[in-house]
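Participant: Below you'll find the structure I mean.
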Amino acid sequence: MAPTEDQYAKASTEAATDFAQTFYPALQSNRAIIASFYSNPPSTILFNGNAVADGNAVQDIFVNQMPPTHYEVQSVDCQIINKQFPSTTTGGPPRTKDMSILVVVGGYVRFGESRDLPQRGFSETFVLIPNPSNDTGKGRHKRDWLIQTQNFRLVV
Amino acid sequence: MKRSRASRGASRARSGTSDRGGIRKRGAPTKVDRDGDLAMGAGADAIRGQKPRGGQGRSALSGSRTQTLDRTMDVIQKALSGSSGAQANIRQGGRGPGLEQVIVSGWKQSKAASNRDGGVESLVTFLEKKLTAPDSKAGTRARISKSRVEGDALIASIRPELLERMLQLNGFSFAGAPLIIEKYDQSSAALLDQPMSTQNGVAPSPADTKAKMTAILGRRYYQQAKLLDLSKLATDPDLVSMGIFGTTSTESKFFPALMKVWEMNFSNNAARREAVESVSLADNQLPNIALVTTLSQSFPDLKNLDLSNNNFKDAQAIIAWRWKFRKLQFLDLTGNPFCADPTFKDTMLKWYPELRTLNNTQVRTEEEIAAQKKTPIPVQAAQFRDESQIAENFIRAFFTGYDNNRAELVNGFYDNNSTFSLNVNTSAPRALQTEPAPWDPYIKKSRNLLKISHLPARMSRTYTGAEKIRELWTTLPQTRHPDVAAQPEQWLIECYPIPGLPDISGQSSTGVGGFLIMVHGKFQESNAGRVETRSFDRTFVLGPGGGIGGIRVINDVLCLRAFGGNEAWQLEPQAAAAQPAGAPVTIPAATAGGPPGYGLPAPGKTDTQVQQEQLVMQLSAKTMMTFHYSELALSGNSWNMDAALKNFAELKSQGTLPADAFLPGATA
């Protein structure tokens, strides 16, 4: 039986808020797990117009080059893009876990430890797609959805 | 869609002229109209009937202090250090019978200031909670009997027994900002409303006081230098003759009243802010800034401030300006005991991020200022990977349509499965010194998932299908976006293809490709007779469909926030490329295997080389050609991007480009 609209809305909004509540803390203080948020291979990843190859490259940049970074997420919204994202459609009945989700996050970021440093407004768009290995994998960072594409921009 | 470089040049030119700084009138001072009726703004005409005496105060300004003035100084000092005596309050909305009033400021810098009510309600709640004695029983919570907002200040009336406790809250942190709490001394307007005794005992009318103050301001204002010289006030013969320094209460009220008169001479805030860049409060023997604190309300954008030869002992003496004057570049505190404090320089550097000159010594270079604003992730030009101008045409049509005919726009691009939602970020960082517009027209539709947690509300704030979207859009305020072509610097638009979209024809089981478009910009909106400017971020997913140009909007997410300007996406000036502490992150080019640091400044690399590399990256992003072929195309066309693109289009249509000219995975 196909999921109801309620089930889709619940699953998608929870996926979006869970993502925002785990991804930004990882960027801030658990950089060693950053790569685990990304699908492989991902589509486009952009930071301020700089293209980054994949999740490993993002993690490498944050681990090796970024100063301490404080994020405050202030707004999150999401919409379902495709209820049956192609790579995971099994041919069986539709499931909420097969959808791809557009997530748009707004907030501010502070680069550096001092609280006196400026708060820079950012807007970031993600497309989350189902984690294809989720049915079998029981890894430490089990995720239902992974980043297919990401675009970060400082806007203030 | 490319950002304009013109604005960057302009801003550099501006900062280039302003950093000479300095308040002192170096060389010959600019003499102003001796009648004193210089134009302080349109409102100055209104008081032109009064012909003030010209020039008489001049000698007092430039003359050295003499022993005979000491007594007057003592009087001022006394006035400044103590609070004024209680006086009958004849103003409307004043304190109630038997109540004390305090003035609370500093909260406009708190996070709560972006609340819909400006943070007033949470501030009052916060104060009441703090006022409540820890040992008091439940239900006997302290109350603020009355409150009102005046500018940056909250005037709160409380029962007298709470006064002491309230004043102890001075310096407490409220939502990230330190509060300043002082006893209210019936400032500004009260002085103008009330007769003031003079030396000869004749009470002048408020209008007379106002006219005299206007004349004094006129004499002390140097229009061309944009300098307001408020030094040595105690020796100003006009002020002395007005009896300002006759009693403590008039002294305490004088400065706020003077600021009020200054503000009244301007018809609008913009003119008022532009009129003055520099203020001198030198030689006033102030022990702290309690009485002159309103200066920061009248001149929030001040660049140069001379506080020399006062009597500030420590940072606490000027703490009320900790979060004020965010654009201050020049500060002179010489002749104050505070300067001997070992932390003096570091504290001032910390307080004022734009400060360049402290006590006439350079403390920050332009490069250091620029470096502070740099992000560890360098700001690059927008990535715009369109095909056949599909996304570009959509964007042009969209914002014109959204401003002019939303119903038609919906018909053109939205179908029964299109989804729209909007969310409001009420606490987003914003451009300095802007009042955020109220969010009433949007807040009940906002689907900010951090605030809206109940599933039914989340669902009802999602608008699926052209009909619902049209219906919603007719209820949203009319908007005016800047023209994309005419004002490209106001926009940042990025776009690239994405796979895996739903196929409405149902033919493809592997999904179809389309575009992800992210737009950042601003718009104006007419709201109850006021024109408000807001910033927005809008993300679209476009797929093939039955709309104009064979496309459909699959998703449309609009995020609204307070106006935040467009500086964030302006490319960093090459001049600031000299890297001080903290080199920026070098992001290896993912697309074409360019060497690390390609397109970024590096030792031994010329600016021309960096610019050429950036052009290569841009061309590669647009054409999906490798860096090598992109470089060939550009160098063969004198590094002219348009010519290179034209050349590329010709070669591509002729089919003469080899497969290895393109990036792996790109379809030629």
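Participant: Please list, ordered by residue number, the strands (runs of 3 or more DSSP E) wholly in the range B:498-573 having 3 or more residues that are without any contact (Cβ under 8 Å) to a residue 40 or more places away in the chain and at the interface with chain A (Cβ under 10 Å from one of its Cβ atoms). Reasoning before the result, please.
Facilitator: Details: elements: B:512-527, B:530-544, B:551-562.
Per the criteria, B:512-527, B:530-544.
Participant: Looking at B:LYS313, B:LYS324, which one is more than 24 Å from the chain's Cα centre (by Cα), away from every other protein chain (no Cβ under 14 Å) and either assigned to a loop (DSSP other than H, G, I, E, B) or of a type outside the set (Gly, Ala, Ser) (or both)?
Facilitator: Step by step, each of B:LYS313, B:LYS324 is checked, and only B:LYS313 is more than 24 Å from the chain's Cα centre (by Cα), away from every other protein chain (no Cβ under 14 Å) and either assigned to a loop (DSSP other than H, G, I, E, B) or of a type outside the set (Gly, Ala, Ser) (or both).
Participant: Among (1) under 22 Å from B:PHE312 (Cβ atoms); (2) at pLDDT 90 or above; (3) outside any loop (DSSP other than H, G, I, E, B), where does B:GLU251 come up short?
Facilitator: Condition not satisfied by B:GLU251: (2).
Participant: Please work out if A:PHE111 is modelled with pLDDT under 95 and aromatic (Phe, Trp, Tyr).
Facilitator: Answer is yes for this residue.
Participant: Within the range B:605-618, is even one residue more than 25 Å from B:SER388 (Cα to Cα), modelled with pLDDT under 85 and of a type in the set (Asp, Glu)?
Facilitator: Within the range B:605-618, one or more residues are more than 25 Å from B:SER388 (Cα to Cα), modelled with pLDDT under 85 and of a type in the set (Asp, Glu).
Participant: Filter the range A:114-129 down to the residues that are modelled with pLDDT under 95 and either touching a Lys or Arg at 6+ places or on another chain (Cβ under 6 Å) or away from chain B (no Cβ under 12 Å) (or both) and list them by number.
Facilitator: Answer for the range A:114-129, where residues must be modelled with pLDDT under 95 and either touching a Lys or Arg at 6+ places or on another chain (Cβ under 6 Å) or away from chain B (no Cβ under 12 Å) (or both): A:ASP116, A:LEU117, A:GLN119.
Participant: Another question, then. Does the range B:407-446 hold any residues that are aromatic (Phe, Trp, Tyr) and within 14 Å of another protein chain (Cβ to nearest Cβ), and which are they?
Facilitator: Residues of the range B:407-446 that are aromatic (Phe, Trp, Tyr), as a first pass: B:413-414, B:420, B:439, B:442.
B:TYR414, B:PHE420, B:TRP439, B:TYR442 - these are the residues of the range B:407-446 that are aromatic (Phe, Trp, Tyr) and within 14 Å of another protein chain (Cβ to nearest Cβ).
Participant: Regarding the range B:520-538, can at least one residue be identified that is β-branched (Val, Ile, Thr) and modelled with pLDDT of 95 or more? Working first, answer last.
Facilitator: First, the residues of the range B:520-538 that are β-branched (Val, Ile, Thr): B:531, B:533.
Remaining after also requiring modelled with pLDDT of 95 or more: none.
No: the range B:520-538 contains no residue that is β-branched (Val, Ile, Thr) and modelled with pLDDT of 95 or more.
Participant: Being at pLDDT below 75 and within 21 Å of B:GLY98 (Cβ to Cβ) is the filter here, so list the residues in the range B:134-151 that pass it.
Facilitator: Selection gives B:SER136, B:THR140.
Participant: Now, a different point. Within the range B:476-493, how many residues turn out to be more than 25 Å from the chain's Cα centre (by Cα) and closer than 23 Å to B:GLU387 by Cα?
Facilitator: Applying the first criterion (more than 25 Å from the chain's Cα centre (by Cα)) to the range B:476-493 yields B:476, B:485.
Add one more test, that the residue is closer than 23 Å to B:GLU387 by Cα, and what stays is B:485.
Adding up the residues that qualify gives 1.
Participant: Next up: Within the bounds of the range B:394-406, is there any residue that is touching a strand residue (DSSP E or B) at 6+ places or on another chain (Cβ under 7 Å), away from chain A (no Cβ under 14 Å) and either more than 24 Å from B:ASN566 (Cβ to Cβ) or surrounded by fewer than 19 Cβ atoms within 10 Å (Cβ to Cβ) (or both)?
Facilitator: Yes, the range B:394-406 contains at least one residue that is touching a strand residue (DSSP E or B) at 6+ places or on another chain (Cβ under 7 Å), away from chain A (no Cβ under 14 Å) and either more than 24 Å from B:ASN566 (Cβ to Cβ) or surrounded by fewer than 19 Cβ atoms within 10 Å (Cβ to Cβ) (or both).
Participant: What about A:THR4, is it under 23 Å from B:ARG458 (Cβ atoms), within 9 Å of another protein chain (Cβ to nearest Cβ) and β-branched (Val, Ile, Thr)?
Facilitator: Values: under 23 Å from B:ARG458 (Cβ atoms): yes; within 9 Å of another protein chain (Cβ to nearest Cβ): no; β-branched (Val, Ile, Thr): yes.
So A:THR4 fails the test.
Participant: Further question on the same structure: Quick one: how many residues across the range A:131-156 are assigned to a loop (DSSP other than H, G, I, E, B), at pLDDT 65 or above and either surrounded by fewer than 21 Cβ atoms within 10 Å (Cβ to Cβ) or within 14 Å of chain B (Cβ to nearest Cβ) (or both)?
Facilitator: 5
Participant: Which residues, taken from the range A:25-48, are in contact (Cβ under 8 Å) with a residue 60 or more places away in the chain and within 12 Å of another protein chain (Cβ to nearest Cβ)?
Facilitator: Of everything in the range A:25-48, those that are in contact (Cβ under 8 Å) with a residue 60 or more places away in the chain and within 12 Å of another protein chain (Cβ to nearest Cβ) turn out to be A:SER39, A:PRO42, A:SER43, A:THR44, A:ILE45, A:LEU46, A:PHE47, A:ASN48.
Participant: I'd like the full set of residues that are among the β-branched types (Val, Ile, Thr) and surrounded by fewer than 23 Cβ atoms within 10 Å (Cβ to Cβ), limited to the range B:262-285.
Facilitator: B:VAL276 - this is the single residue of the range B:262-285 that is among the β-branched types (Val, Ile, Thr) and surrounded by fewer than 23 Cβ atoms within 10 Å (Cβ to Cβ).
Participant: When you go through (1) of a type in the set (Asp, Glu); (2) more than 20 Å from B:GLU392 (Cβ to Cβ); (3) in contact with a His (Cβ under 9 Å, 6 or more places away or on another chain) one by one for B:GLU532, which number turns out not to apply?
Facilitator: Checking B:GLU532 against (1) of a type in the set (Asp, Glu); (2) more than 20 Å from B:GLU392 (Cβ to Cβ); (3) in contact with a His (Cβ under 9 Å, 6 or more places away or on another chain), the one that fails is (3).
Participant: Report yes if B:VAL484 is of a type outside the set (S, T, N, Q), at pLDDT below 95, touching a helix residue (DSSP H, G or I) at 6+ places or on another chain (Cβ under 9 Å) and more than 30 Å from B:LYS324 (Cα to Cα), otherwise no.
Facilitator: Against the criterion (of a type outside the set (S, T, N, Q), at pLDDT below 95, touching a helix residue (DSSP H, G or I) at 6+ places or on another chain (Cβ under 9 Å) and more than 30 Å from B:LYS324 (Cα to Cα)), B:VAL484 qualifies.
Participant: For A:THR13, are the conditions met, namely being buried (at least 19 other Cβ atoms within 10 Å of the Cβ), touching a helix residue (DSSP H, G or I) at 6+ places or on another chain (Cβ under 7 Å), facing chain B (nearest Cβ under 9 Å) and among the hydroxyl-bearing types (Ser, Thr, Tyr)?
Facilitator: Here the answer is yes, as A:THR13 does meet what is asked.
Participant: Let me ask you something else. Is it fair to say A:TYR71 is more than 7 Å from every other protein chain (Cβ to nearest Cβ), surrounded by fewer than 22 Cβ atoms within 10 Å (Cβ to Cβ), at pLDDT 95 or above and over 13 Å from the mean Cα position of the chain (by Cα)? Even if it seems obvious, please write down each step before you answer.
Facilitator: Working: more than 7 Å from every other protein chain (Cβ to nearest Cβ): yes; surrounded by fewer than 22 Cβ atoms within 10 Å (Cβ to Cβ): yes; at pLDDT 95 or above: yes; over 13 Å from the mean Cα position of the chain (by Cα): yes.
So A:TYR71 passes the test.
Participant: Can I ask one more? Of the residues B:ALA257, B:ALA270, which is free of Cβ contacts under 8 Å to residues at least 12 places away in the same chain, part of a helix (DSSP H, G or I) and of a type outside the set (Lys, Arg)? Working first, answer last.
Facilitator: On the way: B:ALA257 fails: free of Cβ contacts under 8 Å to residues at least 12 places away in the same chain.
One residue alone meets the criteria, B:ALA270.
Participant: Just one of A:GLN65, A:GLN59 is crowded, with 17+ Cβ neighbours inside 10 Å and without any contact (Cβ under 8 Å) to a residue 60 or more places away in the chain; which is it?
Facilitator: A:GLN59
Participant: To continue, here is another question. Could you figure out which of (1) more than 11 Å from every other protein chain (Cβ to nearest Cβ); (2) buried (at least 17 other Cβ atoms within 10 Å of the Cβ) isn't true of A:ALA20?
Facilitator: With (1) more than 11 Å from every other protein chain (Cβ to nearest Cβ); (2) buried (at least 17 other Cβ atoms within 10 Å of the Cβ) applied to A:ALA20, the lone miss is (1).
Participant: Give the residue, chosen from B:GLN372, B:GLN383, that is more than 17 Å from B:TYR463 (Cβ to Cβ) and either crowded, with 20+ Cβ neighbours inside 10 Å or aromatic (Phe, Trp, Tyr) (or both).
Facilitator: B:GLN383 is the lone residue from the list that is more than 17 Å from B:TYR463 (Cβ to Cβ) and either crowded, with 20+ Cβ neighbours inside 10 Å or aromatic (Phe, Trp, Tyr) (or both).
The values are calculated or read from the model by the stated rules, or taken from the named source; none is laboratory data. Note that the structure is predicted; figures quoted are calculated from it, not measured. No Cβ is skipped: glycine too gets one built from the backbone with ideal geometry, and neighbour counts run over all protein chains shown.
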